[in-house]
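The values are calculated or read from the model by the stated rules, or taken from the named source; none is laboratory data. Predicted, not measured: the structure shown is a model, and the values here were computed from it. In this analysis, Cβ positions are derived from the backbone assuming ideal geometry, glycine residues included, and neighbour counts consider all displayed protein chains. Protein only, heavy atoms only, side chains kept; ligands, DNA and RNA dropped before computing areas. Shrake-Rupley method; radii C 1.70, N 1.55, O 1.52, S 1.80 Å.
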Amino acid sequence: MDSSKLLIALFVVQVFFPCHMSIQAAPENSDLFREYIGAEFNNVKFTDVPIDSNVEFHFILSFAIDYDSTSGSPSPTNRKFNVFWDSDNLSPSQVSSIKSTHSNVKVALSLGGDSVGDSYAYFDPSSVDSWVSNAVSSLTDIIQEYHLDGVDIDYEHFNADRDTFAECIGKLVKTLKNNGVISFASIALFDDDDVQSHYKALWQSYGDLIDYVNFQFYAYDQGTTVSQFISYFNTQSSNYNGGKVLARFISDGSSGLTPKNGFFIACSRLKSENKLHGIFVWSADDSKRNGFCYKKQSQALLAISH
């Protein structure tokens, strides 16, 4: 190649592939299974849930909320988080026990959720700095007490604009990771304009810190078909480009694409396209009523060589 052609080639490389550009490989199939547990106080225990040794298994304790947990009418606490899951049956010693018994198990906590008591659980910071400071302190205490590995962000109602939400949550996750308190973080959201605007702002600014996108596909209509589910999945994968978007269903079959109506067909199709990054379920509390049959089926599908 003569010198003029070499210079042209170098120019093209520098323009289209600048040295600071991060080229991220597309997510691939995974054997990750995740399930919420403890929100409904029906005495479900870690040991009730079948765990396949051939998958990576995450329990997500639901929920830790920045509200007062001692009064009959919970109220915001200036961002000090408290435990609102069934801690009698899901205690620190029980977390340690399930992790020591099953080396493939990790346990996280989820922040926020839909409601607290009889009211919505709002994301309602007084300021970014005070919220982050109090959240880091109180969550570090809970995470270390319960021997946890990660956090899930599941705020669904907001008394703050999207940029404030992005900065608060982004700085919280970054600090917890930098301090070695957690090893992974996920976001949980659904297809609502206000909810999406907040999480897209977070993704745009701090997406590199988010390991999993637990999109609530069950929030779509109960009559969702396999082809519609695939379309929804592809749309949300585009919205959270480069993220590990997990397929998800609700145990009681009340909405979305259910296991009875084709959820596993859709998962098999995603797997054939190298897009099944894991399966996420709400919830172990509900699954207990049907003997966890769909959890076994989910894990069996994931355990097939990926």
*Can we say residue 69 is under 27 Å from residue 171 (Cβ atoms) and assigned to a strand (DSSP E or B)?*
no
*Would you mind telling me which numbered condition in (1) modelled with pLDDT of 95 or more; (2) open to solvent by 10 Å² or more (accessible area, probe 1.4 Å) residue 219 fails?*
(1)
_Looking at 252, 211, can you tell me which residue is in contact with a strand residue (DSSP E or B) (Cβ under 7 Å, 6 or more places away or on another chain) and of a type in the set (Asp, Glu)?_
211
*Search the stretch 206-220 for residues that are within 17 Å of residue 27 (Cβ to Cβ) and pair each with any residue that is of a type in the set (Lys, Arg) and part of a loop (DSSP other than H, G, I, E, B) when their beta-carbon atoms are under 8 Å apart and the residues are at least 6 apart or on different chains.*
211/244; 212/244; 213/244
_Take residue 244 and tell me if it is at pLDDT 95 or above and open to solvent by 10 Å² or more (accessible area, probe 1.4 Å)._
yes
_Looking at residue 273 and the list (1) open to solvent by 20 Å² or more (accessible area, probe 1.4 Å); (2) at pLDDT below 95; (3) of a type in the set (D, E, K, R), which single condition is not satisfied?_
(2)
*Among the residues of the stretch 52-79, write down those that are open to solvent by 30 Å² or more (accessible area, probe 1.4 Å) and at pLDDT 90 or above.*
52, 53, 54, 56
*Identify, please: which residue in the stretch 204-216 is open to solvent by 60 Å² or more (accessible area, probe 1.4 Å) and either farther than 21 Å from residue 133 by Cα or at pLDDT below 95 (or both) and is, among those, farthest from the chain's Cα centre (by Cα)?*
204
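Return the residue satisfying two criteria in turn: it lies in the stretch 277-306 and is in a strand (DSSP E or B) and aromatic (Phe, Trp, Tyr), and of such residues it is most open to solvent (accessible area, probe 1.4 Å).
Per the criteria, the residue is 282.
A quick yes/no check of all residues on (1) within 27 Å of residue 168 (Cβ to Cβ); (2) touching a Ser or Thr at 6+ places or on another chain (Cβ under 9 Å):
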{"site": "188", "(1), (2)": "yes, yes"}
{"site": "206", "(1), (2)": "yes, no"}
{"site": "213", "(1), (2)": "yes, yes"}
{"site": "234", "(1), (2)": "no, no"}
{"site": "240", "(1), (2)": "yes, no"}
{"site": "250", "(1), (2)": "no, yes"}
_Go through the stretch 105-133 and report how many residues are on the phi < 0 side of the Ramachandran plot and either aliphatic (A, V, I, L, M) or within 20 Å of the chain's Cα centre (by Cα) (or both)._
16
*Hey, can you tell me all the residues within the stretch 234-264 that are part of a helix (DSSP H, G or I) and in contact with a Phe, Trp or Tyr (Cβ under 7 Å, 6 or more places away or on another chain)?*
236, 259, 263
*Does residue 227 satisfy the condition of being surrounded by fewer than 20 Cβ atoms within 10 Å (Cβ to Cβ) and under 20 Å from residue 28 (Cα atoms)?*
no
*Any residue in the stretch 80-104 that's on the phi > 0 side of the Ramachandran plot: show its pairings with residues that are crowded, with 17+ Cβ neighbours inside 10 Å at Cβ separation under 9 Å, as long as the two are six or more apart or on different chains.*
none
